[in-house]
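Engineer: The structure's right below; bear with me while I get my questions together.
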């Protein structure tokens, strides 16, 4: 009887160790879930755009879209949008962990209707961008996007709104802590990766195993920019409490908006209040700047 109990305990221990080992070995695949298939382009949503390719300092090439605000677009003799003409506020959009930029057109269209430029770029390893994703790699991608806006599109830092959704909060908070954007918007973000992992896998030693951090909670206090934090109380992917903790750690001025809906559709379910709050927040902190002003 005792031998059987010992054997059972050993078997359970070995099984647990195996599961923990697999979780450690495949954690990047669990976090980064890219797709290389572009399902649509801004043209399919009725928005003029320019395809951009941005080189990073470590030799990768990022693929993305520059979508100028409706009253900012200029056309060349060939009928293509002309770069370098941005005169309105610009959202630098960092998307979540799955898919690619083609799955974010509903968000881009919302910001387009608000009269803001949008730059949305796929991280390395996503969509048509080269390389493989990693935490440090995404930080380099973020810096390359910032440089592109300033050096190519001629946007001033005070007119850049760094926007991070879900995992995109990682590169967003890192960039905003390095630079000084006009404002920052965080949507459905977490304190750090280990906290999210521990919530979903409480039976595993996630904090000891995690090699990727994206530590938003410790970084937001270093950011010198107004912040709008948005989170749904019904979010089942990133617990509401984690988003609220990030907000509490940030410096003033800041604002929190609780929306309805799930992790992936809250911005649509609560679209009216969502867009009204974003527009008011940007107008309050960046001013009513329009094209040609």
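Engineer: Which condition number in (1) part of a helix (DSSP H, G or I); (2) farther than 16 Å from residue 163 by Cβ; (3) over 18 Å from the mean Cα position of the chain (by Cα) is the one that residue 202 fails?
Structural biologist: With respect to (1) part of a helix (DSSP H, G or I); (2) farther than 16 Å from residue 163 by Cβ; (3) over 18 Å from the mean Cα position of the chain (by Cα), residue 202 is out only on (1).
Engineer: Can you tell me which condition residue 214 does not meet? The list is (1) touching a residue at least 60 places away in the same chain (Cβ under 8 Å); (2) outside any loop (DSSP other than H, G, I, E, B), and all the others hold.
Structural biologist: (2)
Engineer: Among the residues of the stretch 249-269, are any surrounded by 22 or more Cβ atoms within 10 Å (Cβ to Cβ), over 25 Å from residue 105 (Cβ atoms) and in the same structural domain as residue 169 (by TED's automatic domain parsing)?
Structural biologist: Yes: one or more hits.
Engineer: Starting from the stretch 49-62, take each residue that is under 15 Å from residue 119 (Cβ atoms) and assigned by TED's automatic domain parsing to the domain that holds residue 124 and list its partners that are assigned to a strand (DSSP E or B) and at pLDDT below 95, counting only C-beta distances under 8 angstrom and pairs at least six apart or across chains.
Structural biologist: Final answer for the pair search is 49/81; 50/81.
Engineer: Hey, another quick one. Hey, could you check the stretch 42-69 for residues that are out of contact with any strand residue (DSSP E or B) (no Cβ under 7 Å at 6 or more places or on another chain) and surrounded by 14 or more Cβ atoms within 10 Å (Cβ to Cβ) and say which is modelled with the lowest pLDDT?
Structural biologist: Per the stated criteria, the residue is 45.
Engineer: May I pose another question? For the stretch 264-283, which residues satisfy the criterion of being part of a helix (DSSP H, G or I) and free of Cβ contacts under 8 Å to residues at least 40 places away in the same chain?
Structural biologist: Answer for the stretch 264-283, where residues must be part of a helix (DSSP H, G or I) and free of Cβ contacts under 8 Å to residues at least 40 places away in the same chain: 269, 272, 273, 276, 280, 283.
Engineer: If only one of 239, 171, 194, 205 is in contact with a helix residue (DSSP H, G or I) (Cβ under 7 Å, 6 or more places away or on another chain) and without any contact (Cβ under 8 Å) to a residue 24 or more places away in the chain, which one is it?
Structural biologist: Only one candidate qualifies: 194.
Engineer: A follow-up question, please. Between 164, 127, 137, which is crowded, with 23+ Cβ neighbours inside 10 Å and assigned by TED's automatic domain parsing to the domain that holds residue 279?
Structural biologist: Checking each option against the conditions leaves just 164.
Engineer: Considering only residues that are within 14 Å of residue 92 (Cβ to Cβ), in contact with a strand residue (DSSP E or B) (Cβ under 8 Å, 6 or more places away or on another chain) and surrounded by 22 or more Cβ atoms within 10 Å (Cβ to Cβ), which ones fall in the stretch 171-201?
Structural biologist: Once the filter is applied, which keeps residues that are within 14 Å of residue 92 (Cβ to Cβ), in contact with a strand residue (DSSP E or B) (Cβ under 8 Å, 6 or more places away or on another chain) and surrounded by 22 or more Cβ atoms within 10 Å (Cβ to Cβ), the stretch 171-201 yields 171, 172, 173, 175, 176, 181, 183, 184, 185, 186, 187.
Engineer: Has the stretch 17-34 got at least one residue that is in contact with a strand residue (DSSP E or B) (Cβ under 6 Å, 6 or more places away or on another chain) and either modelled with pLDDT under 50 or closer than 22 Å to residue 145 by Cβ (or both)?
Structural biologist: yes
Engineer: Going by what's in this entry, would residue 237 be described as more than 21 Å from residue 282 (Cα to Cα), assigned by TED's automatic domain parsing to the domain that holds residue 159 and surrounded by fewer than 21 Cβ atoms within 10 Å (Cβ to Cβ)?
Structural biologist: Considered against the rule, which asks whether it is more than 21 Å from residue 282 (Cα to Cα), assigned by TED's automatic domain parsing to the domain that holds residue 159 and surrounded by fewer than 21 Cβ atoms within 10 Å (Cβ to Cβ), residue 237 comes out as yes.
Engineer: With the condition kept exactly as written, say whether any residue in the stretch 86-107 is out of contact with any strand residue (DSSP E or B) (no Cβ under 8 Å at 6 or more places or on another chain), modelled with pLDDT under 95 and more than 20 Å from residue 163 (Cα to Cα).
Structural biologist: Scanning the stretch 86-107, I find no residue that is out of contact with any strand residue (DSSP E or B) (no Cβ under 8 Å at 6 or more places or on another chain), modelled with pLDDT under 95 and more than 20 Å from residue 163 (Cα to Cα), so the answer is no.
The values are calculated or read from the model by the stated rules, or taken from the named source; none is laboratory data. Everything numeric here is computed off the predicted structure, so don't read it as measured data. So basically every Cβ, Gly included, is an ideal-geometry build from the backbone, and we count neighbours across all protein chains shown.
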